[in-house]
Amino acid sequence: MSTTTTATTPKLWSGGKSPFNVEYGKLMMWYFLMSDAFTFGAFLISYGTIRFSTNGWPDPNVVFKSFPFAPEGMNAPLVFVSIMTFILIISSVTMVLAVKAGQNMDKKAVTTNLIWTIIGGIAFLSCQAWEWNHLHHEGAWWGMNPFLNADGSASSTNFTNYFFTITGFHGFHVFSGVIINIVMLIMTLMDKFEQRGHYLMIEKAGLYWHFVDLVWVFVFTCFYLI
Amino acid sequence: MSNEAVLHAHSDVATHDAHGDHSHEHHHHETFITKYVFSQDHKMIAKQFLITGMVWAVLGGLMSVLFRLQLGYPDATFPWLESILGKWAKGGHITPEAYYALVTTHGTVLVFFVLTAGLSGTFANFLIPLQIGARDMASPFMNMLSYWFFFAASIVMLSSMFVETGPFSGGWTAYPPLSALGDASPGSKTGMDLWIVSMALFVVSSLLGGLNYIATVLNMRTKGMSMTRLPLTIWALFFTAVLGVLSFPVLLSGFILLIFDRNFGTSFYLSDIFVNGVGALPNEGGSAILFQHLFWFLGHPEVYIILLPAMGMVSEILSVNSRKPIFGYMAMVGSLFAIAILAFLVWAHHMFVTGLNPFLGSVFVLLTLLIAVPSAIKVFNWLTTLWRGNIRFTPGMLFAIGFVSLFISGGLTGIWLGNSALDIHLHDSYFVVAHFHIVMGVASMFGMFAGIYHWFPKMYGRYMNNTLAYMHFWITIAGAYLIFWPMHYQGLAGMPRRYYDFSIWESFKQFQDLNRFISLVAMIVFAAQFFFLFNFFYSIFKGRKLTNLNPWEANTLEWTTPIHPGHGNWVGEIPEVHRWAYDYGKDGKDFIQQTTPVGADESHH
Ligand code: HEM
Ligand SMILES: [Cu+2]
């Protein structure tokens, strides 16, 4: 973002210009993310209250212990989800690079980094699909919970109910992010941003992508770590 | 790249009509569709919201007349009811299912479609660009989408009234298990599915609108329009939008969980339930109270989403028509801010009797009663604005004064309810019904009427008829008090809300006459709204034409636009602003518009 406007008029809030020196779309994106944070916040707090008012809960180390193509009976607690998380975080890094490249009007670097981000997003979604499928084969689904509480007692279905709903909602966000990034990629390749003289839309897509990553950190903590 | 580019992108809209006042004639190549249907002009979108809201107000009002008929005349039969409602009024007598469906739909429609979409949809759209000096909203396209999502929500809600099992009937708050179990009641089946879909569409609509309003107010103010020069309408609409953007998503989360409970066998809100005729349900581990938390986290901000726009417009109208600056401008902004913050911290006062931990309850009592402080500041400032003013009793002004009266009356009962000990007795009684109808329902309707009467000349370039407006005002204000005041006594006597027939209760029989009286007045007030409806539609086409730009001699920017502003609002440059919006009666001048530069010898306010 250029700061020339700040230099010419020192009064930020006196009208005739954006006080934050951003165009409206970015402002809207920030407010949208705030509102989306409340959506996720409501989900996670609901999950927390139900979990803490329930007597027992399954142990994530026992539930999430398998790995694609792993030999029968292998015990790899949280390894797979750590890889998923790592992929998503790396895709955030490539997104940062894409945004930076956009600011330098470097079309080639924008393209490569966007492609990497899209690949990362798709890889994350594929991992999630595998994990869901695996759990489903074990008998877990909305309204069905085959796992026992950590203390061996029967568990309420709210473990799986919340797991699928919230990770599903997050997955839906990743999916939308991938679509957005693909649109950005197409627009880059069509020289749309070169014609406009700026890659602002990539910055907005980037904000969204980082947000979705950040949410995953919370979802990951709530379902896999504690 | 900054806002300038955005502003410039918009200003070429205006160069089209730089050559004449009758901008609409030369404007673009507009077809009927782009001008009246898929319009991206904020003024047209505002009118679309207004008229859709009015349709819903009539429908919702009619519903209340129907269920008041049941409450007022529980033993009578009305054969004509059967001819319009069919099986819902067998033998001319509204069935219990129909009664609950009517109450529920009335509540939902008035709260969300009339007083949220119809009120802030209309006036945020209409006033924000005009009063801050912008060509249009930040994103006219999203703005258009916001209306059409609302329209879709309306259609879905409307269609829910025609399904076999009837519309949802578990109350506008949609508490589970009635909302979560299709077997719980007829209205919990398809009617509830449609209700949820409609409300989800509505959330999307209000999000699209809200983001736009926020971005526009922050980013698109004209030169010189600093935040502290904004008219109070804009401040109020801004806080309204912030409230909506931060609270509706929580409702959406609540609805998503509800959808899973309804359709996918989950137990988010369900535990240990036995349904008559079905037996014990397997659901276990959920909590119906959780929904109440999620709902009221929206629900309480929602009541302020409804009230704040009315407060903002009333502040503006009172000041203009008292020919005095608003008293305590910064205090007004500060109290709006305080209300917006507190609105998020008091939701559990709707849940005092749910088994909430009494300690937690006492925290919510404290926070709830704190709202009385900013509310009292606002009332004080309105009254001091009127004090020794040179009052012009225009219809808008009357409704604004009526608003202040109603807000005081209803706010005081809020303080009763805010005490958890008193609320144990008052909760779910007619006292609550009286409280929220006066402070939110009628007061915000008054704010809306005030806004319509005041800005009608700007909307349509014509005046509304004053005589009809005065009749409308007096019947409505008297009727509102006659309807809702007695309900306080009924509630104190323990009469519960949402009961179908009180005549079978020994303890409430005594209220039969009073109920009949209330129903009668309700019908009269409903009928009186046709003074307004007729006036509105007649005046659009036949009202006295405006001949001067500034009929109320007001300071704000909307009155510097042409009588029929085109898309882009100002011909040529957007005016620059040099002062706040409330220079009335300053230095011997009756009013000084915001566009007038500050003179050398002018005093400071
Ligand atoms: C000093 C200010 C206020 C206080 C202390 C207050 C307090 C309360 C309390 C404690 C209740 C719950 C009563 C119960 O269900 O037992 C309540 C209900 C309600 N209040 Fe207020 N209130 C205030 C102002 C307002 C305002 C300004 C509005 C709207 C603009 C409003 C709208 C409502 C509504 C809609 C309900 C009932 C919702 C329902 O149960 O269907 N209140 N109020
Ligand atoms: Cu409340």
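In chain B, the longest principal axis of the Cα atoms and the axis of helix B:190-219 are about 20 degrees apart.
Please state the equivalent ellipsoid semi-axes for the range B:429-482: what are the square roots of 5 times the Cα gyration tensor eigenvalues, largest first, in whole Å? Provide the component values of the computation, followed by the final result.
On the way: eigenvalues 148, 35, 4 Å².
After scaling each eigenvalue by five and taking roots: 27, 13, 4 Å.
Helix B:372-386 and the longest principal axis of the C-alpha atoms of chain B enclose an angle of approximately 40°.
When the C-alpha to C-alpha distance is required to be over 19 Å, the pairs from B:Lys458/B:Lys545; B:Lys35/B:Lys545; A:Lys11/B:Lys223; A:Lys26/A:Lys108; B:Lys223/B:Lys586; B:Lys458/B:Lys542 that qualify are B:Lys35/B:Lys545; A:Lys26/A:Lys108; B:Lys223/B:Lys586. Across the protein assembly as shown, Cα-Cα pairs more than 56 Å apart make up 13 percent of the total. Among A:Tyr24, A:Tyr208, A:Tyr199, determine the one that fluctuates most according to a GNM of chain A built with springs between C-alpha atoms less than 10 Å apart. Looking only at A:Tyr24, A:Tyr208, A:Tyr199, the largest GNM fluctuation is found for A:Tyr24. Candidates B:Leu178, B:Leu257, B:Ala310 compared by Cα position along the dipole of the range B:165-319: farthest toward the positive end lies B:Ala310, with charges placed on Cβ.
Averaged over B:129-142, how many beta carbons belonging to a partner chain fall within 10 Å of each residue's beta carbon? Mind dumping the intermediate values first?
Details: counts 0, 0, 0, 1, 2, 0, 0, 0, 1, 5, 3, 0, 0, 2.
Other-chain Cβ atoms within 10 Å of each residue's Cβ, averaged: 1.
Ordering B:Thr556, B:Thr31, B:Thr384 by accessible surface, largest first, gives B:Thr31, B:Thr384, B:Thr556; the 1.4 Å probe counts only protein heavy atoms, with every chain in place.
About the Cα centre of the protein assembly as shown, what is the dipole size in debye to 20, counting +1 per Lys and Arg Cβ and -1 per Asp and Glu Cβ, all else neutral? Walk me through the numbers on the way to the answer.
Numbers: 40 positive and 45 negative charges, 335 e Å.
Approximately 1600 debye in magnitude.
Over the residues of the range B:206-294, compute the C-alpha Rg and express it relative to 2.2 N^0.38 Å.
On the way: Rg = 21.1 Å, N = 89, 2.2 N^0.38 = 12.1 Å.
Against the compact-globule rule of thumb, the ratio is 1.75.
Give the accessible surface of the range A:36-163 per residue, rounded to a whole number of Å², with probe radius 1.4 Å and ligands, DNA and RNA excluded. Please report the intermediate quantities before stating the final value.
On the way: 6140 Å² over 128 residues.
Per-residue accessible area for the range A:36-163 comes out at 48 Å².
Note on the range A:12-136: dipole from Cβ charges, positive end direction compared against A:Gly15, A:Gly102, A:Ser92; the farthest Cα belongs to A:Gly15. Per residue, the convex hull spanned by the alpha carbons of the range A:151-208 comes to 76 Å³.
Dipole check for the range A:123-218: with +1 at the C-beta of Lys and Arg, -1 at the C-beta of Asp and Glu, and the Cα centre as origin, the magnitude is about 280 Debye. With a simple spin-label model that places each label point 7 Å from the Cα along the Cα-to-Cβ direction, the separation between A:Thr111 and B:Ile341 comes to 5.2 nm. Comparing the range B:493-583 with the 2.2 N^0.38 Å rule of thumb, its C-alpha radius of gyration ratio is 2.05 (two decimals). Report, in deg cm²/dmol and to the nearest 500, the calculated mean residue ellipticity at 222 nm for the protein assembly as shown, where each DSSP H run with n ≥ 4 adds -39500 (n - 2.57) and the sum is divided by the residue count. Computed ellipticity for the protein assembly as shown at 222 nm equals -20500 deg cm²/dmol.
Taking the C-alpha atoms only, the angle from helix A:24-52 to the longest principal axis of chain A is near 10 degrees. Checking the a/c ratio against 1.5 first, then a/b against b/c, what shape does the Cα gyration tensor give for the range A:85-226? Prolate. Are there any residues in the range A:38-64 with a reduction of at least 20 Å² in accessible surface when going from the isolated chain to the assembly of protein chains? Probe 1.4 Å, please list them by number. Going by heavy-atom accessible area, the residues of the range A:38-64 that drop by at least 20 Å² are A:Phe38, A:Thr39, A:Ala42, A:Phe43, A:Ser46, A:Ile50.
First measure r as the distance between the Cβ atoms of A:Ala37 and B:Val37, then evaluate 1/(1 + (r/R0)^6) with R0 = 30 Å and state the FRET efficiency to the nearest 0.05.
Values: r = 35 Å, r/R0 = 1.18.
About 0.25, to the nearest 0.05.
The GNM of chain A, with springs linking C-alpha atoms under 10 angstrom apart, assigns the highest mean-square fluctuation among A:Thr54, A:Thr94, A:Thr85 to A:Thr54. Averaging 1/r across all pairs of distinct Cα atoms in chain B and inverting the result yields a Kirkwood radius of 25.2 Å. Counting only Cβ charges, +1 for Lys and Arg and -1 for Asp and Glu, the dipole size of chain B around its Cα centre is about 1000 debye.
By definition, a body whose alpha carbon gyration tensor gives a ≥ b ≥ c is oblate when a/c is 1.5 or more and a/b is not larger than b/c, and the range A:1-107 fits this oblate description. Pick from A:Ile118, A:Ile166, A:Ile50 the residue whose mean-square fluctuation is largest in a GNM of chain A, springs joining Cα atoms under 10 Å. It is A:Ile50.
Here the peptides B:590-602, B:99-111 are ranked by packing, the mean other Cβ count within 10 Å, and the order with the highest first is B:99-111, B:590-602.
Roughly to the nearest percent, how much of the accessible area of chain B is carbon and sulfur, given a 1.4 Å probe? Don't jump to the answer; show the numbers that get you there.
Details: 15160 of 22130 Å².
On chain B, the fraction of accessible area on carbon and sulfur atoms equals 69 percent.
Dipole orientation for chain A: of the candidates A:Tyr47, A:Ile115, A:Thr157, A:Ile115 has the Cα lying most toward the positive pole (charges on Cβ; Lys, Arg +1; Asp, Glu -1).
The values are calculated or read from the model by the stated rules, or taken from the named source; none is laboratory data. In this text, all values refer to a predicted model and were calculated from it rather than measured experimentally. A quick note on method: Cβ atoms are made from the backbone with ideal geometry, for glycine too, and the neighbour counts reach across all protein chains shown. Each accessible area value is taken on the protein alone, full model and side chains, heavy atoms only, with ligands, DNA and RNA left out. Shrake-Rupley method; radii C 1.70, N 1.55, O 1.52, S 1.80 Å.
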